[in-house]
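The values are calculated or read from the model by the stated rules, or taken from the named source; none is laboratory data. Since we're looking at a predicted model, the values are computed, not measured. Note that each Cβ is placed from the backbone with ideal geometry, even for glycine, and that neighbours are counted across all protein chains shown.
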Amino acid sequence: MPTTPTLTTQFLANRHSLFAFIYGFTRNTQDAEDLFQEVWVRFSEALERGVEIEDQARWCRGTARNLVLHYWRDRMNDKVVVDQELIDLVELAFEEEAGDQDLVQARQDALAKCLQALPDRSREILRLKYDEGRTAEEVARSVSQTTASVMMALSRLRRALRDCAEARLRLVGYQA
């Protein structure tokens with residue numbers, strides 16, 4: 001079994017994938033972060049108890065899956081239905097994606113390089129929208145633009161980032 005520092009490093013290396021898994025069900029950055037932290041707590045506790053974790057990513061997704069189910073059960077009055085089968089299908093998709101970590105890493109690297117190449121103003125718009133979870137209206141106020149121009153900028157930036165990342169992946173031999 002890998003050492004605890006190695007498992008911790010692996011956990012942190014898979015942070016984005018696990019967070020995306022959780023966020024896909026909550027669609028709320030703060031709630032997703034809270035659930036992610038709870039997965040970390042449970043993971044740490046399992047390591048302290050000496051639990052053998054063969055497939056860490058799968059173990060963490062399973063824990064996250066259970067936490068998401070509890071999250072939605074606690075919010076039954078929110079008129080949102082979360083289906084066990086849907087969660088199982090999403091988990092299966094993440095497992096399939098996890099099967100090719102080289103491709104996942106290549107995609108992340110390509111996107112990071114594409115983001116670095118953007119002008120500061122474009123990166124700021126993306127940061128406000130996706131890192132801070134602000135609405136288009138809030139981003140518009142922050143950057144002194146109209147909501148329509150921010151929405152158009154976000155659309156163009158997403159398209160440009162997708163095209164850039166795909167081109168970088170093709171350069172290193174991956175099909176995008």
Out of R121, R162, R168, sole residue that is crowded, with 17+ Cβ neighbours inside 10 Å, out of contact with any Pro (no Cβ under 9 Å at 6 or more places or on another chain) and of a type in the set (D, E, K, R): R168
Pair list, Cβ < 8 Å and 6+ apart or interchain, from segment 1-17 residues that are closer than 12 Å to F43 by Cα to residues that are among the β-branched types (V, I, T) and modelled with pLDDT of 70 or more: L7/I53
Test: residue in segment 42-57 that is in contact (Cβ under 8 Å) with a residue 12 or more places away in the chain and under 15 Å from the mean Cα position of the chain (by Cα): yes
Residue identified as buried (at least 16 other Cβ atoms within 10 Å of the Cβ) and modelled with pLDDT under 80 among F21, F94, F43: F94
